[in-house]
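The values are calculated or read from the model by the stated rules, or taken from the named source; none is laboratory data. The model shown is predicted, which means the values in this text are computed figures rather than measured ones. Using ideal geometry, Cβ is built from the backbone for each residue, glycine included, and neighbour counts are taken over all protein chains shown. With ligands, DNA and RNA removed, areas are computed over all heavy atoms of the protein, side chains included. Shrake-Rupley method; radii C 1.70, N 1.55, O 1.52, S 1.80 Å.
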Amino acid sequence: MTILITGGAGFIGHTLTRHLLAMGHTVLLLDNFNSSYDPAIKWQHIQSIRHLSGWSLYQGDIRDAVLLHQIFSAYRVDGVIHLAGLAGVRPSLQNPSAYMDHNVNGTAVLLEAMRVFNIKRFVFASSSSVYGSRSGGVFLETDCAENSVSPYAFSKRAAERLCQQHHQLHGLHVFCLRLFTVYGPQQRPDMGISRFIQQLNNRQPITLFGNGLSRRDYTYVDDIVAGISQSIERVKGCEIINLGSAHPVTLLELIGMLEQLIKRRVPINWLADQPGDVPYTHASIEKARRLLDYQPATDLKDGLRNMVNQYQRTQAYAQPIE
Ligand SMILES: NC(=O)c1ccc[n+]([C@@H]2O[C@H](COP(=O)([O-])OP(=O)(O)OC[C@H]3O[C@@H](n4cnc5c(N)ncnc54)[C@H](O)[C@@H]3O)[C@@H](O)[C@H]2O)c1
């Protein structure tokens, strides 16, 4: 297949590109290299796949309908995997309108261009944040997702609804994948685990929000990428599907694992809970197992070890680890 990945220069996007190329697909990447984090990191992602063949890069914006028409005229695109957008809960509170513009309007422009070119396969990266603030239980795709507590979560839910409408109105086949805290090598630098690894290695205090008992269903990027890849192959009808690990751990357990791996402890700088953050996530992955043969294979400790090793290789520490 020829597959367009929007947000292809990002953390998940470039990892997915490698996987799809290995499976024999042709991949087009579209990314605007925005400054949500250092764009040089996104260019490093691109650099890391330069030796591979079968892909092309477009530097541009999903809100640019003219550019989308150019791409869809130049290639017979079989399917689109839509990862582009502004990620992260906390920054969405500072700039809600940008989140609406990129994540909702951007999705609308993309869907409309796909309609014009009769492209029927669509996979959208939604988020576990749409489930809102819950204190327990397993998150089922049929649970209420209308009580978002951040502009980011709202924008993801609104984009899901646009996808559902395009299915009903225009026969789009779409899977909206609710991703649960994705981690692994090259994780976005603004995300928790990346920051903790950096702080531990630099012997700086770790900054934690809340009381350390919040729980997250951390999911390794290769497992997520396998789920996305199965989705673009199998997409039919309109489905919402959780992609998680189904093993939530507390923030303090996570820090303990990192301390063991890096063989270092640093003081913890406790800060108040952040508005918009949810205390708990726990994916039901039964539907993903059924529809995608999804089988998350990477244990958290192994995944963290890969991340720490990659970080230490690229940073080439001056100081020996005790
Ligand atoms: N990483 C996670 O834990 C996680 C969890 C749930 C959902 N998601 C979603 O998955 C997707 C990918 O996440 P990621 O962690 O790889 O983020 P990322 O920020 O590394 O990748 C997103 C990419 O989209 C690009 N982009 C943003 N707006 C764009 C626009 N208007 N036009 C073109 N490109 C644009 C950015 O430059 C970036 O390279 C995002 O939509 C995110 O919301 C991620």
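I'd like the residue in the range 202-237 that is assigned to a loop (DSSP other than H, G, I, E, B) and of a type in the set (A, V, I, L, M, F, W, C) and, out of all such residues, is farthest from residue 6 (Cα to Cα). Before you say what the answer is, go through the steps one by one.
Taking the range 202-237 as the starting set, the residues that turn out to be assigned to a loop (DSSP other than H, G, I, E, B) are 202-205, 210-214, 217-218, 235-237.
Checking which are of a type in the set (A, V, I, L, M, F, W, C) leaves us with 213, 235.
Working: 213: 35, 235: 17 Å.
Result: 213.
Identify all residues within the range 1-52 that are among the aliphatic types (A, V, I, L, M) and assigned to a helix (DSSP H, G or I); write none if there are none. First the steps, then the outcome.
If we filter the range 1-52 for residues that are among the aliphatic types (A, V, I, L, M), which is where we start, we get 1, 3-5, 9, 12, 16, 20-23, 27-30, 40-41, 46, 49, 52.
Correct list: 12, 16, 20, 21, 22, 40, 41, 46.
When you look at residue 178, is it within 23 Å of residue 288 (Cα to Cα), out of contact with any Cys (no Cβ under 6 Å at 6 or more places or on another chain), open to solvent by 30 Å² or more (accessible area, probe 1.4 Å) and within 12 Å of the ligand (Cβ to nearest atom), yes or no?
On the way: within 23 Å of residue 288 (Cα to Cα): yes; out of contact with any Cys (no Cβ under 6 Å at 6 or more places or on another chain): yes; open to solvent by 30 Å² or more (accessible area, probe 1.4 Å): no; within 12 Å of the ligand (Cβ to nearest atom): yes.
No; evaluated as a whole, the condition is false for this residue.
Residue-wise test of (1) open to solvent by less than 60 Å² (accessible area, probe 1.4 Å); (2) out of contact with any Leu (no Cβ under 6 Å at 6 or more places or on another chain); (3) within 19 Å of residue 175 (Cβ to Cβ).
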residue	(1), (2), (3)
187	yes, yes, no
209	yes, no, no
227	yes, no, yes
236	no, yes, yes
Determine which single condition residue 132 fails, assuming it passes every other condition in (1) among the small types (Gly, Ala, Ser); (2) within 11 Å of the ligand (Cβ to nearest atom); (3) in contact (Cβ under 8 Å) with a residue 60 or more places away in the chain.
(2)
Pick from the range 53-72 the residues that are among the small types (Gly, Ala, Ser) and assigned to a loop (DSSP other than H, G, I, E, B): which of them is farthest from residue 2 (Cα to Cα)?
60
Taking only the range 26-66 into account, find how many residues are of a type in the set (Phe, Trp, Tyr), surrounded by 15 or more Cβ atoms within 10 Å (Cβ to Cβ) and more than 17 Å from the chain's Cα centre (by Cα).
2
